[in-house]
Amino acid sequence: MKAYADICKMTVTELIEALESGVMTSAEITQAYLASIAAQDADIHAFLDVYTNTALQEAARSDERRKNGKTLSKLDGIPVALKDNMLVKGRVCTCASKMLKDFVSPYDATVTEKLKAAGMVLLGKLNMDEYAMGSSNENSAFGVCRNPWALDRVPGGSSGGVAAAVAAGMVPSALGSDTGGSIRQPASFCGVVGVKPAYGTVSRYGLVAFGSSLDQIGPITKTAEDAALMMDVIAGYDTHDATSDATIPTDFTLERYGSLQGKTIGMPSECFGEGLSRPVNDSIQAAAEQLKNLGAEIIEVSIPSIRYALSAYYVLSSAEASSNLARFDGIRYGYRTEHYDDLDELYRKSREEGFGLEVKRRIMLGTFALSSGYQDQYYLKAQQARDLLRHEYSEALESCDAVLTPVAPTVAFRLGDKTGDPMEMYMGDLYTVTANLTGLPAVSVPCRHVKEDGDTLPVGMSLLGSKNNLQALLSIADTYERKAKPNAGIRPYERLKGGASE
Ligand code: GLN
């Protein structure tokens with residue numbers, strides 16, 4: 001039998017092969033991941049809840065099904081975990097907020113239902129920034145999550161726990177949510193693959209809403225191939241989500257391109273100027289060179305309105321958040337203050353005590369942007385910028401198959417480095433928010449490792465494509481991974497205690 005650390009280094013695809021050939025059972029795999037969590041998560045703190053007992057039961061049931069030739073899907077028996085803003089019936093869903101500390105989910109999110117229907121083993125819930133607001137996981141009410149590559153650095157956010165757990169080999173695949181980069185930026189910081197599907201691809205039913213016109217659920221995995229497998233499970237039209245889009249293809253089976261001959265990759269000149277750190281710029285330029293060597297044609301494209309993207313995103317996402325979070329009033333959901341004299345005070349104190357600083361900042365920002373007299377100046381202007389961006393991206397995508405940019409302007413920064421300056425934290429979202437504003441799919445793919453102050457840190461590149469083309473983006477990413485081998489370097493879990501098996 002393999003040592004647990006070896007099992008935890010395997011991709012979903014390799015685990016499926018091991019299950020199919022009978023070399024391993026789901027019980028063994030699940031035990032290995034639980035052992036990995038036990039060995040590492042005290043240091044990393046990626047998990048907010050570990051479903052040890054039910055995971056082992058589900059694994060045993062999966063093995064039973066396999067023995068009888070009755071597996072539910074290809075991924076039957078593969079462990080998975082969810083960001084703690086998706087509902088799993090009967091389980092606590094905290095959104096990493098004191099407000100929802102004891103909130104028990106009354107039903108399964110559509111994605112949870114789909115994972116269960118595929119026979120996947122639910123390992124637990126993952127750490128995040130409170131209500132998915134943040135870029136470093138430092139806004140979690142239940143403690144920071146650390147980057148497995150360097151424990152004094154952030155894993156990114158808001159799906160920090162998701163990326164950290166996959167990078168450290170504590171789960172082979174997990175689901176995050178992305179409103180302005182929350183799947184892709186942590187994936188980049190942790191050296192894993194992160195996918196933000198086109199708006200409407202994956203149902204938002206049972207995902208606690210942040211910015212409803214921007215939110216999408218997507219997978220974080222070690223490889224593009226694994227991400228495609230996860231997309232096959234979670235994508236699909238859902239009558240429970242009014243914005244679910246039945247026209248988007250739901251088959252993500254990769255095409256195995258021998259080369260990238262015939263593919264055109266556009267690089268927007270506006271994305272390579274001020275604010276972009278040298279190591280990230282060098283990494284993306286090197287990746288472009290590799291893509292070219294694989295046969296792709298690299299062209300320059302232009303998205304002039306990108307200069308409005310961040311402001312538009314922070315106005316729109318905060319406006320939607322202020323409306324979505326109005327429901328947490330101490331009456332129906334979550335935390336209620338203990339001492340109050342009247343109804344107004346009950347509302348006020350419950351929200352004051354239940355929400356963290358950043359969440360309150362967004363609610364105030366959004367309420368202000370929507371207030372009468374300011375709506376035209378902020379909300380409507382932001383909508384106009386959004387329209388411009390949609391238009392410019394669709395034009396750019398007429399001349400190329402994918403738009404290549406950095407995911408984030410820097411590598412993973414140190415814990416505490418940006419907490420004092422929210423503006424600086426927001427600036428880091430420049431390259432990711434456009435996919436949400438336009439609704440287009442984008443993936444973050446590891447492309448290089450750089451050294452900073454003695455740490456080896458991953459850098460991700462972003463590939464963005466047309467609405468119905470996520471499958472093609474993943475196929476390009478897969479070709480890049482197999483031919484350019486960006487992950488041939490050291491993996492973080494090999495340096496953590498309990499990680500080495502030999
Ligand atoms: N960092 C961005 C924000 O704080 C993105 C968050 C997200 O995608 N959920 O708004």
Being closer than 27 Å to Val50 by Cα and either under 11 Å from the mean Cα position of the chain (by Cα) or in contact (Cβ under 8 Å) with a residue 40 or more places away in the chain (or both) narrows it down to one of Gly176, Gly211, Gly275, so name that one. Gly176
Residue count for segment 1-28, restricted to those that are hydroxyl-bearing (Ser, Thr, Tyr) and within 27 Å of the chain's Cα centre (by Cα): 4
Hits in segment 142-158 (condition: part of a loop (DSSP other than H, G, I, E, B) and either within 12 Å of the ligand (Cβ to nearest atom) or of a type outside the set (Phe, Trp, Tyr) (or both)): Gly143, Val144, Cys145, Arg146, Pro148, Leu151, Asp152, Val154, Pro155, Gly156, Gly157, Ser158
If I ask for residues that are of a type outside the set (S, T, N, Q) and farther than 29 Å from Ser475 by Cβ, which ones from segment 287-322 would you list? Pro304, Arg307, Tyr308, Leu310, Ala312, Tyr314, Val315, Leu316, Ala319, Glu320, Ala321
Counting only residues that are touching a Lys or Arg at 6+ places or on another chain (Cβ under 9 Å) and exposed (fewer than 15 other Cβ atoms within 10 Å of the Cβ), how many does segment 265-292 have? 1
Any idea which residue in segment 293-313 is farthest from the ligand (Cβ to nearest atom), counting only those that are more than 15 Å from Gly273 (Cβ to Cβ) and crowded, with 22+ Cβ neighbours inside 10 Å? Ala296
Contact list please: Cβ distance under 8 Å, first residue in segment 19-46 and within 20 Å of Ser159 (Cα to Cα), second residue of a type in the set (Val, Ile, Thr) and in a helix (DSSP H, G or I), pairs at least six apart or on different chains. Tyr33/Ile7; Ala46/Val162
In this structure, is Ala235 without any contact (Cβ under 8 Å) to a residue 12 or more places away in the chain and either within 23 Å of Asp84 (Cα to Cα) or in contact with a His (Cβ under 7 Å, 6 or more places away or on another chain) (or both)? no
Of all residues in segment 90-130 being of a type outside the set (A, V, I, L, M), crowded, with 24+ Cβ neighbours inside 10 Å and over 16 Å from Tyr205 (Cα atoms), the one that is farthest from the ligand (Cβ to nearest atom): Gly124
When the residues of segment 249-272 are filtered to those that are among the aliphatic types (A, V, I, L, M) and closer than 14 Å to Tyr480 by Cβ, which remaining residue is nearest to the chain's Cα centre (by Cα)? Leu254
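Residues are listed down the side, and each one gets a yes or a no for (1) buried (at least 16 other Cβ atoms within 10 Å of the Cβ); (2) touching a residue at least 40 places away in the same chain (Cβ under 8 Å); (3) under 19 Å from the mean Cα position of the chain (by Cα):
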| residue | (1), (2), (3) |
| --- | --- |
| Tyr379 | yes, yes, no |
| Glu398 | no, no, no |
| Ala402 | yes, yes, no |
| Ala408 | yes, yes, yes |
| Phe413 | yes, yes, yes |
| Met423 | no, no, no |
| Ala442 | yes, yes, yes |
| Gly454 | no, no, no |
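Would you call Arg332 modelled with pLDDT under 95, basic (Lys, Arg), more than 16 Å from the ligand (Cβ to nearest atom) and farther than 26 Å from Tyr426 by Cβ? Walk me through how you get there before you give the answer.
Working: modelled with pLDDT under 95: yes; basic (Lys, Arg): yes; more than 16 Å from the ligand (Cβ to nearest atom): yes; farther than 26 Å from Tyr426 by Cβ: yes.
Yes: the conditions hold for Arg332.
Here is a yes/no grid of residues against (1) under 21 Å from Pro249 (Cβ atoms); (2) surrounded by 24 or more Cβ atoms within 10 Å (Cβ to Cβ); (3) among the acidic types (Asp, Glu):
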position	(1), (2), (3)
Gly200	yes, no, no
Phe210	no, yes, no
Pro219	yes, yes, no
Asp226	yes, yes, yes
Condition broken by Thr94, with the remaining ones in (1) in contact with an Asp or Glu (Cβ under 8 Å, 6 or more places away or on another chain); (2) in a loop (DSSP other than H, G, I, E, B); (3) over 25 Å from Cys190 (Cα atoms) satisfied: (3)
Contacts under 7 angstrom Cβ, first residue in segment 322-337 being free of Cβ contacts under 8 Å to residues at least 24 places away in the same chain, partner buried (at least 18 other Cβ atoms within 10 Å of the Cβ) and outside any helix (DSSP H, G or I), 6 or more apart: Arg336/Gly330; Thr337/Gly330
Could you check segment 73-91 and list, in sequence order, the residues that are farther than 18 Å from Met24 by Cβ and part of a loop (DSSP other than H, G, I, E, B)? Asp84, Asn85, Leu87, Val88, Lys89, Gly90, Arg91
Residue tally, condition part of a helix (DSSP H, G or I), charged (D, E, K, R) and more than 21 Å from Leu75 (Cβ to Cβ), over segment 35-62: 2
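The values are calculated or read from the model by the stated rules, or taken from the named source; none is laboratory data. On a predicted model such as this, the values are computed, not experimentally measured, just so you know. FYI the Cβ positions are ideal-geometry reconstructions off the backbone, even for glycines, and counts take in every protein chain you see.
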